[in-house]
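First the structure, in the form of structure tokens, and then the observations on it.
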2 protein chains.
Amino acid sequence: MNAPTPLPLGHSKAPSATRGVADRLRQAIISMEFPPGTRLSEGEIATRYDVSRQPVREALISLSRIGLVQVLPQRGTIVTRISTRHMMQVRIAREALESAIVQRACERFDPVIRGSIDAILETQARAACEGDYMTITAADSQFHAALATGADCEMIWQMVLDVKAHMDRVRHLTLQDRDSMRILVEQHRAIVDAIDQRDPELADHAMRHHLMEILRDLPRVLAERADFFE
Amino acid sequence: MNAPTPLPLGHSKAPSATRGVADRLRQAIISMEFPPGTRLSEGEIATRYDVSRQPVREALISLSRIGLVQVLPQRGTIVTRISTRHMMQVRIAREALESAIVQRACERFDPVIRGSIDAILETQARAACEGDYMTITAADSQFHAALATGADCEMIWQMVLDVKAHMDRVRHLTLQDRDSMRILVEQHRAIVDAIDQRDPELADHAMRHHLMEILRDLPRVLAERADFFE
DNA sequence: CCTCTTGATCTACCATACAAGTCCATACTA
DNA sequence: TAGTATGGACTTGTATGGTAGATCAAGAGG
């Protein structure tokens, strides 16, 4: 609270207990290990992960800000149920943000990162042929992250990550066939092509077309697993 | 962690100590009471606000997610310095999100909320004539929030609020004359007009034009108060 | 004069204990 | 039987003590 002290600062990654619990919980929720509506208890999670309640509590605060869990004071914490109304806003937000990223990428894009993208796409293409779901999704994240980084939009990417979590959770419910995987890779290529051509309008269209597809099967999921929805 | 229990749930606002500290700290940072670079200490803030360290800590976690403070493990917490690179991304993100909101507003907009907007604009217009800065900014928030709510984009508005905090902080450094206040109101009117005409392209343009102006004076602030920047 | 060590003093982090609100099954009452 | 207390078993919220890591200043040794 004193005068603005420099505080030298040298970046740290901080492998703290709180972050560990937050990451594990986040992954567990996205992968449907904890399905929507699951009751979470600070104490129970603390025991399971062998930490005290405090780190768990702080992790839950972070997750509640993203919207993955709902903390009801003095009552309990539950994994947020899926809502079509909410998912629509998620889609709109992600489209808006990632469209902005690729449009900016058309203005300037780090050539080094541009080079690394080819490798990512190649990996993904190979995984698509083999139907390797894990590799596909990992490469997908890398691809979108690389776009943001190359366009100097890392802060925006952090925002995208939050909404992306919701979409990833839904995607875990829709089984992907190889055709849709190949389409995915082609859509990625189309986006990169647009950026290479420095065509903002084309890039915008390609990105929105790509993202639109992800929630295509939402109505089917709603019909099959209504208990996941609110 | 059990079977998905309903957990009746009846909404609550939760006037907790954590939330109280978070709100007060947020306001203090935006209003430059705690200027960029200020060292914050959990214990010190706890004493000042007469709560224990835990609520303070949890409040700081929330603020660090927004990016208003930086928590350096085992070293300290500081109010984030302003960065032109960061502010550019903030502007891009807010433009993208609010543009998406008004475009959606052109498709459908709650008529009741549409009615309340006129009152907000009238209040703001009166405040602009009198140079009432506080009322102006309060009405500005209400206006943008009403747009989001009317377009059924409350979740997106929550995201906007986070980036808006950074812009509000900068705006506190640029003194507003009455002319720019009047221009502000006119820009708001232009946005509403575009929505009334159901013209997405016009609405998009009006909103972006409006938001662009906010950071116009950023270079001047940088020249005058370089110590606020990193 | 420079380099390294050491220890005092900060910090955030974590664990534990306590407080307060909610829910629910049970028992009591009209 | 229906309605209403009541107490216990949950929950999250808050307070506090202790720990490990980071910083920095003073001093020893080269």
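May I ask you to say which residue of A:122, A:98, A:154 is under 30 Å from residue B:84 (Cα atoms) and open to solvent by 10 Å² or more (accessible area, probe 1.4 Å)?
Values: A:122 fails: under 30 Å from residue B:84 (Cα atoms); A:98 fails: open to solvent by 10 Å² or more (accessible area, probe 1.4 Å).
From the options A:122, A:98, A:154, the qualifying one is A:154.
So in the range A:29-47, with the set limited to residues that are more than 7 Å from chain B (Cβ to nearest Cβ) and among the acidic types (Asp, Glu), which one is nearest to DNA strand C (Cβ to nearest atom)?
Out of the qualifying residues, it is A:42.
Could you please give the count of residues in the range B:28-56 that are in a helix (DSSP H, G or I) and of a type outside the set (D, E, K, R)? Can you show your working first?
Restricting attention to the range B:28-56, the residues satisfying the condition of being in a helix (DSSP H, G or I) are B:28-30, B:42-49, B:53-56.
Now drop any that are not of a type outside the set (D, E, K, R), which leaves B:28-30, B:43, B:45-47, B:49, B:54-56.
Count: 11.
So which pairs qualify, if the first residue must be in the range A:149-163 and facing chain B (nearest Cβ under 9 Å), the second must be open to solvent by 10 Å² or more (accessible area, probe 1.4 Å) and in a loop (DSSP other than H, G, I, E, B), the Cβ gap must be under 8 Å, and the two must be at least 6 apart or on different chains?
Matching pairs, first to second residue: A:152/A:108; A:152/A:110; A:155/B:67; A:162/A:67.
Quick check: anything in the range B:77-100 among the acidic types (Asp, Glu), within 10 Å of another protein chain (Cβ to nearest Cβ), more than 20 Å from residue B:37 (Cβ to Cβ) and more than 11 Å from DNA strand C (Cβ to nearest atom)? First the steps, then the outcome.
The initial filter retains those residues of the range B:77-100 that are among the acidic types (Asp, Glu), namely B:95, B:98.
Now drop any that are not within 10 Å of another protein chain (Cβ to nearest Cβ), which leaves B:95, B:98.
Narrowing further to those that are more than 20 Å from residue B:37 (Cβ to Cβ): B:95, B:98.
So of that shortlist, the ones also more than 11 Å from DNA strand C (Cβ to nearest atom) come out as B:95, B:98.
Checked the range B:77-100: at least one residue is among the acidic types (Asp, Glu), within 10 Å of another protein chain (Cβ to nearest Cβ), more than 20 Å from residue B:37 (Cβ to Cβ) and more than 11 Å from DNA strand C (Cβ to nearest atom).
Which condition from (1) more than 7 Å from DNA strand D (Cβ to nearest atom); (2) assigned to a helix (DSSP H, G or I); (3) under 26 Å from residue A:158 (Cα atoms) is the one that residue A:78 breaks?
Failing condition for residue A:78: (2).
Might you let me know whether the range A:90-99 holds any residue that is without any contact (Cβ under 8 Å) to a residue 60 or more places away in the chain, closer than 30 Å to residue A:195 by Cα and not in a loop (DSSP other than H, G, I, E, B)? Let's see the steps before the verdict.
Narrowing the range A:90-99 to residues without any contact (Cβ under 8 Å) to a residue 60 or more places away in the chain: A:92, A:96.
Keeping just the survivors that are closer than 30 Å to residue A:195 by Cα gives A:92, A:96.
This time we only want the ones that are not in a loop (DSSP other than H, G, I, E, B), so: A:92, A:96.
So far as the range A:90-99 goes, yes, one or more of its residues are without any contact (Cβ under 8 Å) to a residue 60 or more places away in the chain, closer than 30 Å to residue A:195 by Cα and not in a loop (DSSP other than H, G, I, E, B).
Select from the range A:106-146 the residues that are among the aromatic types (Phe, Trp, Tyr) and under 20 Å from the mean Cα position of the chain (by Cα) and list them in ascending order.
Narrowing the range A:106-146 to residues among the aromatic types (Phe, Trp, Tyr): A:109, A:133, A:143.
Result: A:133, A:143.
Looking at the range B:9-23 only, could you name the residues that are away from DNA strand D (no atom under 13 Å from the Cβ) and either at pLDDT 95 or above or open to solvent by 80 Å² or more (accessible area, probe 1.4 Å) (or both)? Break it down into steps so the answer makes sense when it comes.
Of all residues in the range B:9-23, those away from DNA strand D (no atom under 13 Å from the Cβ) come to B:10-11.
Answer for the range B:9-23, where residues must be away from DNA strand D (no atom under 13 Å from the Cβ) and either at pLDDT 95 or above or open to solvent by 80 Å² or more (accessible area, probe 1.4 Å) (or both): just B:11.
Out of all the residues in the range A:192-213, which are under 30 Å from residue A:80 (Cβ atoms) and either of a type in the set (Ser, Thr, Tyr) or open to solvent by less than 20 Å² (accessible area, probe 1.4 Å) (or both)?
A:207, A:210, A:211
The values are calculated or read from the model by the stated rules, or taken from the named source; none is laboratory data. Keep in mind that what you see is a predicted model, and the values were worked out from it rather than measured. With ideal geometry, Cβ positions are generated from the backbone for all residues, glycine too; neighbour counts draw on all protein chains shown. Protein only, heavy atoms only, side chains kept; ligands, DNA and RNA dropped before computing areas. Shrake-Rupley method; radii C 1.70, N 1.55, O 1.52, S 1.80 Å.
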